[in-house]
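Following: one structure in structure tokens, then a few remarks.
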Amino acid sequence: MKKAQTSLKADRSGQLLIVAALAIALLISSTMVYVYEISEDREASDVKSIGDLVLALKQSTRNTMISSLANVSNGGQKAVLATNLNELSSGIMNTHGFGVCTLLFATFNDSSYDQGLWLSWNMTNVGVSSASANFTLNVDGTAAKIVADYKINVTTTLVVNGSYVAEGTEKLVNLTCNIYNEYQPALAESKDVFYESSESWVEVDQSSLTTIDFGNGTYFLSFAVPSDTVQISIHVIDLRGILVQAVYNIP
């Protein structure tokens, strides 16, 4: 399954990785610019500004994790998450407007997560792409000292349920796909469907794919496949650029 999966993504992963890398660079640089702008305007209230800084840096860590997961899910290396978080941490350490700023992180590891990442695809009707890490942000300034411990989990989930009807040499397949971001309904940027035939994967032509978008993270897909098809793979990219996959096994 993994070899088939790799071949399906190979033709498009290069462009996606370039876009993801540029997005990460822009996110990190824009964070540093925002921090600089805050540090230059300290006259109103240093304490309030430090609070704003903490909120901005928390959002920046989330954005960095989203971009990293998008990169990895589209074929990038797992190490990119730690690399991008190290870059963000180094940039924060060089921010001196409020004193000393440090960001420590630890990527999550357990039976599912490896180096903070969990990709569960093409095994069941539920697909998961997730990134998780713990953070400690320390801002030691003249007006206030803040230590913030927080966890960020970015998860895109795809749940597929379906049915089929045999019609001569084909099977008419009807699928309901539900997409979630952090377990809340989310929208899809793109949807691709593949079926297994003679130990290879064939993409269902978009022109023969009937799609109904209910506007709430639920999509109905209808298409025909050869009568000997027993497994279908659904690939969805959400609006954040994160790829997730799940399968429908025809009984």
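Only the coordinates and a few stated rules stand behind these numbers; no lab work does. Note that this is a predicted model, so its numbers are computed, not measured. All Cβ positions, glycine included, derive from the backbone under ideal geometry; neighbour counts span all protein chains shown.
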Which entries of Lys58/Lys145; Lys58/Lys151; Lys171/Lys191 show an alpha-carbon separation above 18 angstrom in the structure shown? Lys171/Lys191
Checking the range 172-251 for chymotrypsin sites (Phe, Trp or Tyr not before Pro) in a loop per DSSP with at most 10 other beta-carbon atoms within 10 Å yields Tyr183
With a Förster distance of 25 angstrom and the Cβ-Cβ distance between Glu182 and Ile212, calculated FRET efficiency to the nearest 0.05 equals 0.50
Hits in the range 217-251: amide N under 18 Å from the 7 Å Cα→Cβ extension of Met123, namely 232-236, 243-249
Straight-line reach from Lys48: which aspartates and glutamates have Cα under 15 Å away, leaving out those fewer than 8 places along the same chain? Glu37, Glu40, Asp140
Compute log10 of I(q)/I(0) for the range 64-188 with the Debye formula, placing one identical point scatterer on every Cα and leaving out solvent, at q = 0.09, 0.13, 0.22, 0.23 Å⁻¹, to two decimals. -0.39, -0.66, -1.21, -1.27
Equivalent ellipsoid semi-axes - Cα gyration tensor, the range 167-218, angstrom: 26, 13, 10
Please give the length that would be gained between Asp228 and Ser200 if that part of the chain were fully extended, namely 0.36 nm times their separation in residues minus their C-alpha to C-alpha distance (nm, one decimal). 8.8 nm
Please work out the FRET efficiency for the pair Ala144 and Ser90, using the Cβ-Cβ distance as r and a Förster radius of 30 Å; give the result to the nearest 0.05. 0.80
For Asn134 paired with Leu239, estimate the spin-label separation in nm (one decimal), with each label point 7 Å from Cα along the Cα-to-Cβ line. 3.3
